[in-house]
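This report refers to the structure that appears directly beneath it.
Read-outs: derived from the displayed coordinates by stated rules, not from any lab. Because the structure is a prediction, the values reported are computed rather than measured. Please note: Cβ atoms are built from the backbone with ideal geometry, for glycine as well, and neighbour counts cover all protein chains shown.
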């Protein structure tokens with residue numbers, strides 16, 4: 001695995017709609033924050049100005065924008081505009097050689113799980129987080145936790161230690177406006193047989209992992225000693241759905257190969273109203289489904305839940321394909337510098 005070079009201050013950053021379109025207001029807010037907070041110059045791809053119907057009908061155009069960004073000597077990183085549901089259609093158009101010979105840091109979540117898995121399959125580390133929506137364009141200001149984490153992911157060789165966040169939100173509000181935040185209760189540790197686990201990460205959004213399995217696309221055959229990254233989207237999959245997807249990973253023989261599972265804090269609501277009790281129950285049932293799958297298929301694996309990555313905020317852009325160390329005795333999760 002190769003970690004693409006860090007971004008330099010003042011570099012250009014490509015914003016690409018690899019999956020679907022977002023509102024111009026979100027692009028404007030996200031780009032302004034990249035300029036003012038990180039001293040980076042966004043270069044917005046034409047794909048970001050297209051509507052969803054056009055993007056869906058032109059997967060090759062989305063790939064061309066991605067290829068152009070990776071191969072440009074002036075582009076320091078590529079940030080996905082948002083997620084979607086059909087990124088599987090771009091895979092046949094991707095150029096392994098071009099991407100591998102032009103290693104560039106890629107940031108995104110959700111449907112971008114496809115591209116993360118693809119890049120991992122050709123030997124490139126990428127970053128699960130940091131896209132415009134959700135991420136850079138929400139809230140009246142970028143959360144300090146997200147800013148610190150993204151800064152390390154952009155400019156550092158490694159993210160290093162992942163710290164717990166004091167507050168979190170899954171609230172929905174217009175771009176650039178304040179949301180309701182609530183206190184966290186820390187991470188939930190479910191130790192396995194080994195006090196310290198270290199391995200390369202793979203995974204992302206559970207719903208997209210299900211599509212990868214169905215299409216038999218970019219799913220590793222072997223990943224002995226790996227770390228599974230797992231989180232769920234605003235579609236709010238039930239505990240039953242979570243259990244079924246993990247059962248597929250288990251029956252495929254893949255789940256047993258992971259020594260640890262890192263679970264992002266789930267969204268417990270989207271645009272519908274739910275009581276606090278309903279939200280707590282929803283998150284608990286998802287967690288119990290994950291633990292049940294662990295107990296059945298990977299009983300020795302360590303599971304850590306409610307981490308700050310995925311569809312809730314704040315978040316850390318956690319590396320996909322990078323080495324992660326989980327220390328259950330000291331309650332530490334560290335993204336290791338792969339040059340060590």
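Taken along the Cα-to-beta-carbon direction at a fixed 7 Å, the label points for residue 71 and residue 37 span 3.3 nm. Summarising the strand pairing of the chain, around 40 percent of its internal DSSP beta bridges are antiparallel. By other beta-carbon atoms within 10 Å, ranking 267, 167 with the fewest at the front produces 167, 267. Would you please give the FRET efficiency between residue 177 and residue 97, computed as 1/(1 + (r/R0)^6) with r the Cβ-Cβ distance and R0 = 45 Å, to the nearest 0.05? Given R0 = 45 Å and the Cβ-Cβ separation, E is 0.55.
FRET efficiency for the pair residue 244 and residue 46, taken as 1/(1 + (r/R0)^6) with r the Cβ-Cβ distance and R0 = 41 Å, rounds to 0.60. Mean-square fluctuation check for the chain, GNM, Cα pairs under 10 Å: which of 256, 144, 26 is largest? Result: 144 has the largest fluctuation of those listed. Pull out a ≥ b ≥ c, the square roots of the eigenvalues of the alpha-carbon gyration tensor of the stretch 12-161, then state rounded if a/c is under 1.5, prolate if not and a/b is larger than b/c, and oblate in the remaining case. Since a/c reaches 1.5 but b/c is at least a/b, the shape of the stretch 12-161 is classed as oblate. In this label model, residue 338 and residue 273 are separated by 4.8 nm, measuring between points 7 Å along each Cα→Cβ vector.
Mind checking which of 217, 48, 305 has the largest fluctuation in a GNM of the chain, springs on alpha carbons under 10 Å? Its mean-square fluctuation being the largest, the pick is 217.
Ordered by the count of other Cβ atoms within 10 Å of each Cβ, fewest first, 31, 335 give 31, 335. Between 292, 215, 300, find the one with the highest GNM mean-square fluctuation for the chain; connect C-alpha pairs within less than 10 Å. Sorting by GNM fluctuation, first place goes to 215.
Listed by Cβ neighbour count within 10 Å, with the fewest neighbours leading, 90, 326 appear as 90, 326. Looking at the square roots a ≥ b ≥ c of the eigenvalues of the Cα gyration tensor of the chain, which shape do they give, rounded for a/c under 1.5, prolate if a/b is larger than b/c, or oblate? Since a/c stays below 1.5, the shape of the chain is classed as rounded. Give the shape of the stretch 33-119 as rounded, prolate or oblate, defined through the alpha-carbon gyration tensor: a ≥ b ≥ c are the square roots of its eigenvalues, a/c under 1.5 means rounded, and otherwise the shape is prolate if a/b is larger than b/c and oblate if not. Because a/c hits 1.5 or more and a/b fails to exceed b/c, the stretch 33-119 counts as oblate. Pairs of C-alpha atoms in the stretch 167-335 farther apart than 21 Å represent 46 percent of all such pairs.
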